[in-house]
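Before any comments, here is the structure.
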Amino acid sequence: TGDTGIELRWTLTLLIPCVWIGAAINAYTRTVRPLQLLVNLLGALREGDYSLRGAGARGGNLLGDVMAEVNELGATLHRQRLSAVEATALLSNVLGEIDVAIFAFDPDDRLRLVNRAGAALLGSTPNELIDCTANDVGFAEFLTGPATRTLDRDFPGARGRWELRRSVFRQDGRPHRLVVFGDVRRRLSVEEKQACWR
């Protein structure tokens, strides 16, 4: 508005938009890109990929603090998953070595877990039995009635007198039934041997 030369006016007219565009790009780089990175990191965590980490997770500013927390969350979830995998592997090994037959049925009466002794009792393999219904394997009657009982029963893989124990456990918030068969004769034989040693 003052009495300035035309060169100064053109210079300011070009310089102000350039400064404004530079400031906008800087603001975009400092805010939008880290937020997009956070969205990608959280999406990866939701999908179970805990290997991604956010770069530039430095304290001192809010976005850096949030990025550091997301990185720590990813590391914690990775440790928990590793611990769960190790615990599952240990449980699988223990169940495989137990000589009692163990079966776990979901709320839809589908077999979700069976150990080697259980598969041998049914004359099959664990992989063939998984996802079969209780009716398919002849276990519908064992999912109801008294939770603990002794019965004489011939199975495809063994015959004899069995102690049945049934209990309920929860997985993913849903009730599952655990059915365990122990050979009564084997238990009595062990008890007799222990009595002889006393």
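Exactly one residue out of 92, 124, 167 is of a type in the set (Ser, Thr, Tyr) and under 30 Å from residue 47 (Cβ atoms): that is 92.
Pull up the stretch 36-60, narrow it to residues that are part of a loop (DSSP other than H, G, I, E, B) and modelled with pLDDT of 75 or more, then point me to the one that is nearest to residue 74 (Cα to Cα).
The residue in question is 50.
Search the stretch 158-178 for residues being open to solvent by less than 50 Å² (accessible area, probe 1.4 Å) and over 33 Å from the mean Cα position of the chain (by Cα), and hand back the single one that is nearest to residue 102 (Cα to Cα). Per the stated criteria, the residue is 162. Residue 64 meets all of the listed conditions (1) at pLDDT 85 or above; (2) surrounded by 11 or more Cβ atoms within 10 Å (Cβ to Cβ); (3) of a type in the set (Gly, Ala, Ser) but one, namely (1). Counting the residues of the stretch 96-128 that are farther than 20 Å from residue 174 by Cβ and under 26 Å from the mean Cα position of the chain (by Cα) gives 13.
The residue pairs whose first member lies in the stretch 102-115 and is closer than 19 Å to residue 164 by Cβ and free of Cβ contacts under 8 Å to residues at least 40 places away in the same chain, whose second member is surrounded by 15 or more Cβ atoms within 10 Å (Cβ to Cβ) and among the charged types (D, E, K, R), and whose beta carbons are closer than 9 Å, counting only pairs six or more residues apart or on different chains, are 109/177. Remark: pairs (first residue in the stretch 74-87, touching a residue at least 12 places away in the same chain (Cβ under 8 Å) and in a helix (DSSP H, G or I); second residue surrounded by 11 or more Cβ atoms within 10 Å (Cβ to Cβ) and of a type outside the set (A, V, I, L, M); Cβ separation under 8 Å; 6+ apart in sequence or on different chains) = 74/50; 74/53; 75/50; 77/50; 78/50; 81/50.
Scanning the stretch 90-102 for residues that are open to solvent by 50 Å² or more (accessible area, probe 1.4 Å) and among the aliphatic types (A, V, I, L, M) yields a count of 4.
Restricting the stretch 31-42 to residues that are within 12 Å of residue 63 (Cβ to Cβ) and not hydrophobic (A, V, I, L, M, F, W, C) leaves a set whose member that is least open to solvent (accessible area, probe 1.4 Å) is 34. Scanning for something open to solvent by 50 Å² or more (accessible area, probe 1.4 Å), of a type in the set (Asp, Glu) and farther than 30 Å from residue 115 by Cβ, does the stretch 43-57 turn up at least one residue? Looking through the stretch 43-57, at least one residue is open to solvent by 50 Å² or more (accessible area, probe 1.4 Å), of a type in the set (Asp, Glu) and farther than 30 Å from residue 115 by Cβ.
The values are calculated or read from the model by the stated rules, or taken from the named source; none is laboratory data. Note that this is a predicted model, so its numbers are computed, not measured. Every residue, glycine among them, receives a Cβ derived from its backbone with ideal geometry; neighbour counts consider all protein chains shown. These accessible areas exclude ligands, DNA and RNA; they are computed on the full protein's heavy atoms, side chains included. Shrake-Rupley method; radii C 1.70, N 1.55, O 1.52, S 1.80 Å.
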